[in-house]
Amino acid sequence: MVQHVEQNLQLMTKRAVKAENSAAKLRQENALLQAELRNSKLEKEAGQAGLAAAKQNAEAALQRLLQVTASSRASIRQLLSGAESLQLVADLLKSIDRISEVSEDGQ
């Protein structure tokens, strides 16, 4: 009977040691998972901050592009207006040249 009790005690001791080892491993794994979770949260926050900065940069680039586009259109309108004025002057010079030729022939 004593021998049986001693065997049960040894078996229970082995189980307790095994359970303690298992609990220690689980605590370590839990600590690692907690660290990974913290790192993931930090990476996510950094990614969100980077995304916000990228959106802000894109918005600034868009505004600058719209300004440049408007300025370019205004410059093109001025250029066309100047070209029309030059064409008018060229036509006037042609007319003056023809009037001069007619006047010289008519004298």
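The values are calculated or read from the model by the stated rules, or taken from the named source; none is laboratory data. As the structure is a computational prediction, the values presented were derived from the model and not from experiment. Cβ coordinates were reconstructed from backbone atoms using ideal geometry, including for glycine residues, and neighbour counts include every protein chain displayed. Heavy atoms of the whole protein, side chains included, go into the accessibility calculation; ligands, DNA and RNA do not. Shrake-Rupley method; radii C 1.70, N 1.55, O 1.52, S 1.80 Å.
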Self-check item: Number of positions in the stretch 34-55 that are open to solvent by less than 70 Å² (accessible area, probe 1.4 Å) and either among the aliphatic types (A, V, I, L, M) or in contact with a strand residue (DSSP E or B) (Cβ under 7 Å, 6 or more places away or on another chain) (or both)
Solution: 6
Self-check item: Filter result for the condition that a residue is in a helix (DSSP H, G or I), modelled with pLDDT under 95 and surrounded by 10 or more Cβ atoms within 10 Å (Cβ to Cβ), over A31, A90, A60
Solution: A90
Quiz item: Does L9 fit the bill of being modelled with pLDDT of 95 or more and surrounded by 10 or more Cβ atoms within 10 Å (Cβ to Cβ)?
Solution: no
